[in-house]
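Data first, discussion second: the structure below is written as structure tokens.
The values are calculated or read from the model by the stated rules, or taken from the named source; none is laboratory data. Note that the coordinates shown come from a computational prediction; the quantities given were computed from them, not determined experimentally. Reconstructed Cβ throughout: ideal geometry from the backbone, glycine too, with neighbour counts over all protein chains shown. With ligands, DNA and RNA removed, areas are computed over all heavy atoms of the protein, side chains included. Shrake-Rupley method; radii C 1.70, N 1.55, O 1.52, S 1.80 Å.
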Amino acid sequence: MEFEQIYKTYWDRIFRLCMGFVNDYDAAQDLAQETFIIVWQKLETFRNESAIGTWIFRIASNNCLRQIEKQKRFPKSELPIHLSEEKQYSLEPQIQFLYKCIAELPETDRIIISLELEDIKQNEIAKIVGLSEANVRVKIHRIKEKLTQKFKENGQR
């Protein structure tokens, strides 16, 4: 598969995965771009031991986890109060709330639910996160219960 086709096929899904990690539109864009730079650089080394989508999602997940670790080590300072940041989001409030809830989950749960929302098969998710398929099924069920509860508490449908 050529890089251009890979990019067109996976960009939206990788962006949404990154958005689930960071809950910040600009940061998710950056992480998705960095993911595709890595894919472009490493495409020749892809060994077809898994589906190309699994490989790309693994790269994206690792990239997001690295970013989260960097943020933990080097917390960014807040903007001065007199400066306001103008962001334009076209995401619906419920989707924004979903991303916010996902971003509050533990890292592994974020990966799992973000991949599940992208309709990645559970056996592929298991390979990406390094868990058994049964464990992934249980985790997905529990994560969905947590998210449903948060929506109920917030008065969302």
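One residue stands out among those in the range 107-123 that are at pLDDT 90 or above and open to solvent by 30 Å² or more (accessible area, probe 1.4 Å): the one that is nearest to the chain's Cα centre (by Cα), which is GLU116.
Can you tell me which of ALA60, ALA103 is under 12 Å from the mean Cα position of the chain (by Cα), on the phi < 0 side of the Ramachandran plot and modelled with pLDDT of 90 or more?
Every option except ALA60 fails the conditions.
Taking the criterion of being open to solvent by 80 Å² or more (accessible area, probe 1.4 Å) and within 18 Å of GLU124 (Cα to Cα), the residues of the range 1-57 that qualify are ARG16, ARG47, ASN48, GLU49.
Results for (1) over 23 Å from TYR99 (Cβ atoms); (2) at pLDDT below 90, shown as yes or no for each residue.
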| site | (1), (2) |
| --- | --- |
| MET1 | yes, yes |
| GLU4 | yes, no |
| GLY20 | no, yes |
| ASP26 | no, no |
| ALA32 | no, no |
| THR35 | no, no |
| LEU43 | yes, no |
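Residue-wise test of (1) in a helix (DSSP H, G or I); (2) farther than 19 Å from ARG110 by Cβ; (3) among the aliphatic types (A, V, I, L, M).
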site	(1), (2), (3)
LYS8	yes, yes, no
ILE14	yes, no, yes
THR35	yes, no, no
GLU44	yes, yes, no
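Candidates are the residues of the range 63-97 that are within 28 Å of PHE151 (Cβ to Cβ) and acidic (Asp, Glu); the one that is modelled with the highest pLDDT is GLU92.
Counting only residues that are outside any helix (DSSP H, G or I) and of a type in the set (Ser, Thr, Tyr), the range 127-157 holds 1 of them. Within the range 1-34, restricting attention to residues that are closer than 19 Å to GLU116 by Cβ and among the basic types (Lys, Arg), the residue that is farthest from the chain's Cα centre (by Cα) is ARG13. Name every residue in the range 140-157 that is under 21 Å from LEU65 (Cα atoms) and either open to solvent by 60 Å² or more (accessible area, probe 1.4 Å) or in contact with a strand residue (DSSP E or B) (Cβ under 7 Å, 6 or more places away or on another chain) (or both), in order of residue number. None - no residue of the range 140-157 is under 21 Å from LEU65 (Cα atoms) and either open to solvent by 60 Å² or more (accessible area, probe 1.4 Å) or in contact with a strand residue (DSSP E or B) (Cβ under 7 Å, 6 or more places away or on another chain) (or both), so the list stays empty. Among the conditions (1) free of Cβ contacts under 8 Å to residues at least 24 places away in the same chain; (2) closer than 19 Å to LEU98 by Cβ, GLU49 misses just one, which is (2).
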